[in-house]
1. What do you get for the angle between helix 351-363 and the principal long axis of the chain? Use alpha-carbon atoms, 0 to 90 degrees, nearest ten.
2. Counting only protein heavy atoms and a 1.4 Å probe, tell me what percentage of the chain's accessible area is made up of carbon and sulfur.
3. Please give, to one decimal in nm, the separation of the simple spin-label points placed at residue 174 and residue 100, each 7 Å out from Cα toward the Cβ.
4. Under a point-charge model restricted to the Cβ atoms of Lys and Arg (+1) and Asp and Glu (-1), what is the dipole moment magnitude of the chain relative to its Cα centre, in debye to the nearest 20?
5. Let me spell out the model: positive unit charges on the Cβ of Lys and Arg, negative unit charges on the Cβ of Asp and Glu, origin at the Cα centre of the stretch 7-189. What dipole size does that give, in debye rounded to 20?
6. Taking the chain as a Gaussian network, where each spring joins two C-alpha atoms under 10 Å apart, which residue of 108, 141, 27 fluctuates the most?
7. Considering only 308, 271, 230, whose Cα is most displaced toward the positive end of the charge dipole of the stretch 225-383, charges sitting on Cβ of Lys, Arg (+1) and Asp, Glu (-1)?
8. Using only the alpha-carbon atoms, what does the stretch 7-189 span along each of its principal axes? Please give whole angstrom values in decreasing order.
Amino acid sequence: MTTDRPGIRVLSPRTWGEFGNYLAATRFSRVLRSVVDAEVTLMEVEPILPWVGEVGGEIRSISLDSPDATVRNRRYMALMDRLRERFPEGFENNPTPAQRADIDPLARHLRTAAPDVVVGTKGFVARLCVAAVGMAGLRTRVISHVTNPGLLELPLHRSRYPDLTLVGFPRARERLLATVGGDPDRIAVVGPLVAQHDLRDFMTDESAASGTDSWKDTGGPDRPRVIVFSNRGGETYPRLIRHLAGRHPGIDLVFVGYGDPDLARRTAAEAVGCDHWRFHSVLTQSQYFDYIRHASRSRYGLLISKAGPNTTLEAAHFGIPVLMLDSGLPMERWVPGLIHEEGLGRACADPEDLLRTADEWLSRPSVIEAHKKSTMAFADSVLDQEAVAERIGAAVRPLLVDR
């Protein structure tokens with residue numbers, strides 16, 4: 001580093017898990033800059049280790065091309081098993097020649113940058129960093145930032161060797177200690193970060209706005225406001241829109257098929273007679289926050305998506321209940337339990353359950369209102385972002401003392 005201030009390098013794979021993981025890393029980096037006196041640099045892992053991007057391509061193919069949740073889970077676990085064979089438990093403490101060859105570009109990168117701290121926003125990336133730091137002969141401290149506690153169900157993402165592991169929930173700390181052991185003082189429960197305002201990083205510039213109107217205030221808080229968000233495609237969504245158009249044409253609805261213009265067009269074709277509904281494959285920042293604001297102000301605002309942790313927590317942060325579809329991915333298996341335990345909405349096992357529940361709730365919107373009250377209570381008690389930031393700062397600062 002070329003500054004007298006400590007240097008922190010945050011490494012995140014952009015291609016693992018669509019944009020959710022890199023979005024979380026962006027949020028985490030901004031929080032670090034606000035709570036520690038250090039130069040914080042966020043970087044993608046793929047330019048340093050291209051094979052990580054190849055794995056990310058496989059993950060995307062599994063997510064998009066699998067016909068159902070069962071097949072998706074089987075294919076994903078097979079990929080994780082192959083990676084686990086390549087990088088078994090404990091490899092980071094004594095990598096083999098083959099593993100050293102895989103990791104050498106990262107070791108060279110860290111040797112050149114010489115950060116005081118390096119953060120991996122996937123447990124596997126943190127393990128690679130532990131090995132790379134040892135290979136480079138550095139005193140760099142390694143932090144594993146667990147953005148999704150469900151990843152701790154996968155051995156690939158678990159390790160006792162990072163100098164510090166940051167988790168969002170006590171159950172994640174308990175799970176990590178039960179599976180790999182290690183020093184409990186090196187695992188800090190800081191609370192979940194919500195990436196709300198960082199979604200601007202994945203929106204278009206204001207100058208690129210399509211000119212399409214977003215929601216108006218007609219109908220006030222009693223009009224159901226539904227956001228349908230798809231970042232993995234799938235034929236469930238055109239079917240859902242067709243179902244809602246036939247039964248609930250009077251609701252306000254916006255569909256976002258993230259990065260998939262064809263899906264947005266095909267889904268829009270199912271909304272016969274619902275000319276006031278909106279369909280996007282990308283949003284401007286103002287459009288996004290307009291939709292969020294109106295959904296949060298409605299007594300019957302609702303988000304429909306896959307049961308991903310980032311999407312669920314962000315909706316809860318804004319006081320919007322969720323109706324989620326099980327993704328079939330093992331690292332997201334814990335999310336339905338959170339939704340049900342905290343009254344945030346409902347997670348559905350299959351598309352039929354999703355359609356049936358959406359129909360029931362929109363026919364009896366007082367159910368949505370009850371979930372909204374639970375969601376707001378959860379946000380107040382668990383998602384206080386200032387408190388989370390303070391805990392992150394308190395956990396990280398001691399690693400910067402002995403430079």
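1. Roughly 50 degrees, rounded to the nearest 10.
2. Ligands and nucleic acids excluded, carbon and sulfur give 48 percent.
3. Those two pseudo-labels are separated by 4.2 nm.
4. Using Cβ point charges on Lys, Arg, Asp and Glu, the chain gives about 380 debye.
5. It comes to approximately 160 debye.
6. Of 108, 141, 27, the most mobile in the Gaussian network model is 108.
7. Result: 271.
8. Ordered largest first, the stretch 7-189 gives principal extents of 48, 37, 30 Å.
The values are calculated or read from the model by the stated rules, or taken from the named source; none is laboratory data. Note that the structure is a prediction, hence the values are computed from the model and not measured. Positions of Cβ are generated from backbone atoms using ideal geometry, with glycine treated the same way; all protein chains shown enter the neighbour counts. What goes into the accessible areas is simple: the full protein's heavy atoms, side chains included, and nothing from ligands, DNA or RNA. Shrake-Rupley method; radii C 1.70, N 1.55, O 1.52, S 1.80 Å.
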